[in-house]
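The values are calculated or read from the model by the stated rules, or taken from the named source; none is laboratory data. Please read all numbers here as calculations on a predicted model, not as lab measurements. Glycine gets a Cβ as well: all are built from the backbone with ideal geometry, and neighbour counts include every protein chain shown. Note: accessible area is taken over every heavy atom of the protein model, side chains too, but ligands, DNA and RNA are not part of it. Shrake-Rupley method; radii C 1.70, N 1.55, O 1.52, S 1.80 Å.
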Amino acid sequence: MRVLKKILLYTLLSGAAITFIYPFFWMIMASLSPEADISSLVLFPSKLTLSNYSTMVSKIPIGRALFNSLFVSSVNTGLSLIFSSMVGYALSRMEFKGRNLIFMIIIFTMTLPFQITLIPNYIIMVKLHWVDTYLSLTIPFLINTFAILMFRQAFKSLPQALIDAARIDGCGELRIIFFILWPNIKPTIITVGILAFMGSWNEVLWPLIVIREEQFMTLPQLVTLFVVGGRAESQLGVKLASAVFLAAPIIIAYLFFQKHFIQSMASTGLKD
Amino acid sequence: MSNTRKKIMPYVMVSPYLVHLLAFTTFPVIFSLILTFHKWNIIGPMEWVEFGNWKRLFYDRLFWISIFNTFKFLSIHIPLQIIIALALAEFLNQNIRLKGFFRAAFFMPVVVSGVVVTILWQQLFSFENGVLNRLLVSLGFGKVGWLIDPDIAMVSIAVMATWKNLGLYVILFLVGLQTVPKQYYEAADLDGASHWQKFIKITVPMINPTMFMVVILSTIGGFSLFIEPYIMTGGGPLNSTLSAVLYIYKQAFQYYHMGYSATLGVFFAFLIVLVVIVQKRYIEKDI
């Protein structure tokens, strides 16, 4: 009975694991196979070819889009880590009038659905002439309320003695944050960093709205427009190649830092 | 000098947030409300139309269809997600080997862009030679019009979205399951409770906070449904997968009805908040 139960358990779990892994495997194989093989592809194609990838490279500026995505995501992650730390530090470690009010505003704005600000934010971008520039992809994302709350929580948990000792040594507040406190809250930095990077990397609605010129398009946007816009000429292999290209950087990062990814994402649920 | 500096410093530190708040939240919300009373194509001047946009909204059949579709998506996606995620989390919480592998496998689609998942599933769902239909045919069933049958298309998208997000909710449930005190199960064992009884009577009530969180997160996520129908179906067939955000997007960026689409956005945002409040009222319990 016990053994039977175990077998059933492993069968179910393995079945589920296959359901999650097989589609990715199929996608990679399909992107490497001749167009004619895709419609009957189960495991491996009759021969492996890179022609889908070369077609993709010749049709869209995918290298440029990769650069744009890496650039935008890095800037957004780096700067939002810095700004959110500063705000989080002030909210947890400094006394000033309006502190609780700001905290409550942050909580309130987090409940505000983005659908209400989407159109006006687009209009702001138009009026500032930020459409088709990197500014529209970065400036609105430099502050992240979730990150502020994470940093506030992390700084709160550190002993006051750490800060006092640094003050006696003559450190300013910014030095305290980035040189004294940051080394003590590495898990929070990793979590916020991964979430910010992933959020920025995978964002597609906003780029679709504010970027029309190909040279500024992010990778998910370019791939989306390539697949939807008919330039892939309904060649499945080329479409799938662009999807694999888009997935590869994140999947590779995930394979290396799997635990961090899972922990970071799990913490999105632990807001309160 | 140093005293004034000390007083000003906190405000300097929070200023990036305040600037951002004013520029990208406060102003847009107010501007959104103003826009709802105007007709504007962003190029010409704004034109005051009183409640014209609101009246139009209430008679806009397509908008209500998109709301209905979004709710249809949620009503399939959320229960499916909770049942499967909870089951997998419960399995993983047993004393088994390869736990890390299974967890990592389930989590894979979570990190990948929705664009990738959608392009991939578009092929799996393909009517002629998609993997799913080939499997069905080889098992002796007929083909299913996953994305071309108006009755099924939204169900297909909900299944795909569940596949994409499931790993995250498995992890959240797993964390929840581990917070249930062992003594409760030991006490139930003494009373001779079955595995199923323990699950229903102890586990499910004890993980109510996780359950609540999962419902809220997937509700908010579900209301943002956009890129999946945008890529897969363009909202078709027969508008059966037109989601509310997709409709708002189309009104704004295909027809340049800025005033009207802002009205739709405001109305939809209120609807989301309302649904979340109702869920909070009925799902969240003190334990």
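Toward the positive end of the charge dipole of the range B:161-287, with +1 on the Cβ of Lys and Arg and -1 on the Cβ of Asp and Glu, the farthest Cα among B:Val170, B:Tyr247, B:Leu225 is that of B:Tyr247. With a 10 Å cut-off around each Cβ of A:8-21, the average count of Cβ atoms from other chains is 5.
How big is the B-A contact in terms of buried accessible area, both chains counted, 1.4 Å probe, rounded to the nearest 100 Å²? List each step's numbers first, then the result.
Working: alone 17350 and 16290 Å², together 26220 Å².
Adding both sides of the contact gives about 7400 Å².
Remark on B:Lys39: its backbone amide H falls under 5 Å from those of B:Glu47, B:Trp48, B:Val49, a criterion applied only to residues 5 or more positions apart or on other chains, H modelled at 1.01 Å from N. Full extension of the chain segment joining A:Ile21 with A:Leu9 gains 2.5 nm, where the gain is 0.36 nm per residue of separation less the Cα-Cα distance.
Of the GluC sites (Glu not before Pro) found in the range A:166-228, the ones in coil according to DSSP and having at most 10 other Cβ atoms within 10 Å of their Cβ are A:Glu213.
Go through the range B:91-143 and name the chymotrypsin sites (Phe, Trp or Tyr not before Pro) that are in a DSSP coil and have 13 or fewer other Cβ atoms within 10 Å of their Cβ. Intermediate results must be reported in sequence, preceding the final value.
Details: sites: B:Phe91, B:Phe101, B:Phe102, B:Phe106, B:Phe107, B:Trp121, B:Phe125, B:Phe127, B:Phe141; in loops: B:Phe125, B:Phe127, B:Phe141.
Hits after loop and neighbour filter: B:Phe141.
Considering only B:Ile202, A:Pro61, B:Gly236, the residue lying farthest towards the positive end of the dipole of the protein assembly as shown is B:Ile202, judged by Cα position with unit charges set on Cβ.
These residues, A:Trp130, B:Trp64, go from largest to smallest accessible area, 1.4 Å probe, as B:Trp64, A:Trp130.
Between amide H atoms placed 1.01 Å from N, distances below 5 Å from B:Asp149 occur with no residue 5 or more places distant or on a separate chain. Protein heavy-atom accessible surface, 1.4 Å probe, per residue over chain A: 46 Å².
A 1.4 Å probe run over the protein chains yields, for the range B:61-283, 41 Å² of accessible area per residue, whole-number rounding. Take each residue of peptide A:166-175, count the partner chain Cβ atoms within 10 Å of its Cβ, and average: the result is 1. The order of the peptides A:88-98, A:140-150 by mean Cβ neighbours within 10 Å, most packed first, is A:140-150, A:88-98.
Suppose every K and R has +1 on its Cβ and every D and E has -1 on its Cβ; what is the size of the dipole of the protein assembly as shown about the Cα centre, in Debye to the nearest 20? List each step's numbers first, then the result.
Values: 41 positive and 25 negative charges, 194 e Å.
Computed about the Cα centre, the dipole is about 940 debye.
Taking the protein heavy atoms of the protein assembly as shown in the context of the full set of protein chains, the accessible area attributed to carbon and sulfur is 68 percent at 1.4 Å.
Phi angles of the range A:186-199 translate, via the Karplus equation with coefficients 6.51, -1.76, 1.60 and θ = phi - 60°, into HN-Hα couplings of 3, x, 5, 4, 4, 4, 5, x, 4, 5, 5, 5, 4, x Hz per residue; Gly and Pro are given as x.
Between helix A:219-228 and chain A there is an angle of about 40 degrees, using the helix long axis and the longest principal axis of the Cα atoms. Helical content alone sets the calculated 222 nm signal of chain B at -22000 deg cm²/dmol, taking -39,500 (n - 2.57) per DSSP H segment of four or more residues and averaging over every residue. Net charge dipole, the range A:1-90: roughly 340 debye, given to the nearest 20, about the Cα centre with Cβ charges of +1 for Lys and Arg and -1 for Asp and Glu. For the range B:1-101, the list of trypsin sites (Lys or Arg not before Pro) that fall in a loop by DSSP and count at most 12 other C-beta atoms within 10 angstrom reads B:Arg97.
FRET efficiency for the B:Gln254 to B:Arg61 pair, using the beta carbon distance and R₀ = 22 Å, is estimated at 0.80. Computed over neighbours whose Cβ is under 13 Å from that of A:Val126, the net charge equals +1, Lys and Arg +1, Asp and Glu -1. Shielding of peptide B:23-33 by partners, expressed as the average count of other chain Cβ atoms within 10 Å per residue Cβ, is 6. Comparing A:Val210, A:Val223, A:Val57 in a Gaussian network model of chain A, where Cα atoms under 10 Å apart are tied by springs, the biggest mean-square fluctuation is seen for A:Val57.
Result for chain B in a Gaussian network model with C-alpha springs under 10 Å: among B:Leu98, B:Leu132, B:Leu190, the largest mean-square fluctuation is at B:Leu190. Seen against the Cα atoms of chain A and their longest principal axis, helix A:62-93 is set at about 20 degrees. Of the residues A:Thr117, A:Val210, A:Ile168, the one whose Cα sits farthest toward the positive end of the charge dipole of the range A:60-267, with +1 on the Cβ of Lys and Arg and -1 on the Cβ of Asp and Glu, is A:Ile168.
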